[in-house]
Amino acid sequence: MPLSLTEQAKELFLQTLAGKPDVAVIAPGRVNLIGEHTDYNEGYVLPMAVDRGIAIAGRKRDDLKITLYSADYREQEEFNLNAIRHDISRPWANYFKGVALLLKQNGIPLGGCEAVIRGDLPQGGGLSSSAALEVASAVFLKKLFGVDLDDLDLVRLAQQAENKFVGVQCGIMDPFASHMGGKDHALFIDCRTLEHDWIPLDSGHKVVVFNTGVKRELASSDYNERRRQCEEGVRQFAKFLPGLRSLRDLSLCDFEKYQGQVEPLVMKRCRHVVSENQRVLDTVEALKAKNLEKVKALFQESHESLRDDYEVSCHELDTLVELAQEHPLQKGSRMTGAGFGGCTVHLVPGEEQVLENFITYVSEGYQRRIGRKPDYYVFNASPGAKFLNG
Ligand code: GLA
């Protein structure tokens with residue numbers, strides 16, 4: 001994580017508000033390695049925090065006013081702590097507002113403050129800039145006002161801010177990874193119990209992310225439709241398996257036994273979730289055993305399942321994954337995040353020449369087939385906000 005981002009936020013605070021900030025914090029974005037569309041089904045995920053994020057620097061005020069300046073949008077927003085309202089004309093401020101409102105609703109006393117926000121994550125690009133901003137806001141307010149809030153409550157609060165205030169029905173994975181990620185580790189999360197574990201990543205490999213450049217709207221009806229189809233799947237399978245609460249409880253064996261009795265489209269959605277959960281568990285084992293050929297096969301199956309059963313891929317994502325899979329040295333390629341655009345993720349040997357060769361191969365192929373070069377990022381797994389803000 002480039003600490004310079006926090007330094008930049010501090011510096012900007014000095015320039016715009018003529019004074020020193022009391023507190024400066026940073027929260028990273030995330031990329032999901034495997035476990036897609038499983039978090040809201042109480043399943044397993046394996047994301048990692050990345051070395052890009054969002055920093056906030058600020059200080060207390062004596063009144064109840066909150067003044068936020070976004071260095072990236074070059075916009076300022078002011079509101080009173082007793083009159084927090086969603087405002088579509090300044091979407092970036094809603095993440096901070098949502099967190100502040102939820103803290104208040106939880107009986108946590110806050111005061112006014114002024115702060116500068118600075119990020120280096122592409123927005124709406126599938127790297128969870130929104131979760132990073134929510135986690136950064138929560139950590140900032142926690143530190144500034146000495147709030148007593150444990151890690152998992154902070155993660156839940158960030159998710160609720162997105163669900164209830166911003167209005168996007170995302171799962172818990174993104175704020176969890178942003179807050180709890182570990183340096184050089186992926187984060188295994190059981191999204192039902194919130195038990196988690198840090199899984200060492202192979203030090204010889206880097207995580208490459210390509211951005212299709214296709215903007216996806218998370219609030220879009222497609223994401224919510226998939227969630228509804230999963231709920232419908234639970235209802236239909238529960239006819240044969242009383243007590244089934246979520247797709248997490250549906251074993252592969254029971255799925256196979258009853259799949260013929262379930263509506264075909266719903267059956268496909270469920271097949272993705274049930275098989276993807278197993279792939280997350282298998283990937284964790286394969287990473288521990290340093291079996292990257294196995295990881296590669298699991299990433300490929302995950303992509304195919306998202307493309308064919310869950311139907312959340314698109315031509316640009318498929319093109320990037322196909323091109324990457326043609327490269328002999330890559331050790332895993334798939335779409336990542338919600339889909340319908342956004343990014344792909346790849347495990348690639350860390351030697352400079354191999355990385356360069358892989359990136360050039362995929363970029364040029366994309367240029368030929370799609371007509372433009374994709375943006376790309378080479379990431380190391382970063383510590384989450386919990387570890388970065390001491
Ligand atoms: C988005 C959501 C996550 C998760 C993924 C799909 O990133 O924010 O909660 O559901 O999509 O795995």
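At-a-glance table
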read-out	value
Of residues in segment 313-343 being part of a helix (DSSP H, G or I) and hydrophobic (A, V, I, L, M, F, W, C), the one surrounded by the most Cβ atoms within 10 Å (Cβ to Cβ)	Leu320
Yes/no for Arg228 being within 29 Å of Val284 (Cα to Cα), at pLDDT 95 or above, basic (Lys, Arg) and out of contact with any Gly (no Cβ under 8 Å at 6 or more places or on another chain)	yes
Test: residue in segment 344-366 that is outside any helix (DSSP H, G or I), at pLDDT 95 or above, of a type in the set (Gly, Ala, Ser) and farther than 30 Å from Leu241 by Cα	yes
Index of the failed condition, Ala286 passing every other in (1) assigned to a loop (DSSP other than H, G, I, E, B); (2) surrounded by fewer than 22 Cβ atoms within 10 Å (Cβ to Cβ)	(1)
Any hit, segment 92-104, residues being of a type outside the set (Gly, Ala, Ser) and in a loop (DSSP other than H, G, I, E, B)	no
All positions within segment 85-132 that are hydroxyl-bearing (Ser, Thr, Tyr) and free of Cβ contacts under 8 Å to residues at least 12 places away in the same chain	Ser89
Search result, residues across segment 335-362 that are touching a helix residue (DSSP H, G or I) at 6+ places or on another chain (Cβ under 7 Å), among the hydrophobic types (A, V, I, L, M, F, W, C) and within 16 Å of the ligand (Cβ to nearest atom)	Met335, Ala338, Phe340
Strands (runs of 3 or more DSSP E) contained entirely in segment 1-77, each with at least 2 residues that are more than 16 Å from the ligand (Cβ to nearest atom), farther than 30 Å from Leu244 by Cα and touching an Asp or Glu at 6+ places or on another chain (Cβ under 8 Å)	44-60, 65-70
Qualifying residue in segment 267-281 (condition: open to solvent by 70 Å² or more (accessible area, probe 1.4 Å) and not in a helix (DSSP H, G or I))	no
Number of the condition not met by Gln123 [criteria: (1) under 16 Å from the mean Cα position of the chain (by Cα); (2) buried (at least 22 other Cβ atoms within 10 Å of the Cβ)]	(2)
Some residue of segment 34-45 being on the phi > 0 side of the Ramachandran plot and surrounded by fewer than 24 Cβ atoms within 10 Å (Cβ to Cβ)	yes
Cβ pairs under 6 Å, 6+ apart, first in segment 282-293 and aliphatic (A, V, I, L, M), second not in a helix (DSSP H, G or I)	Val284/Phe188; Val284/Ile199; Leu287/Ile199; Leu292/Lys331
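The values are calculated or read from the model by the stated rules, or taken from the named source; none is laboratory data. Keep in mind that this is a model prediction, so the values were computed, not measured. Cβ atoms come from the backbone with ideal geometry, glycine included; neighbour counts cover every protein chain shown. We work out accessible area using only protein heavy atoms, side chains counted, and drop any ligands, DNA or RNA first. Shrake-Rupley method; radii C 1.70, N 1.55, O 1.52, S 1.80 Å.
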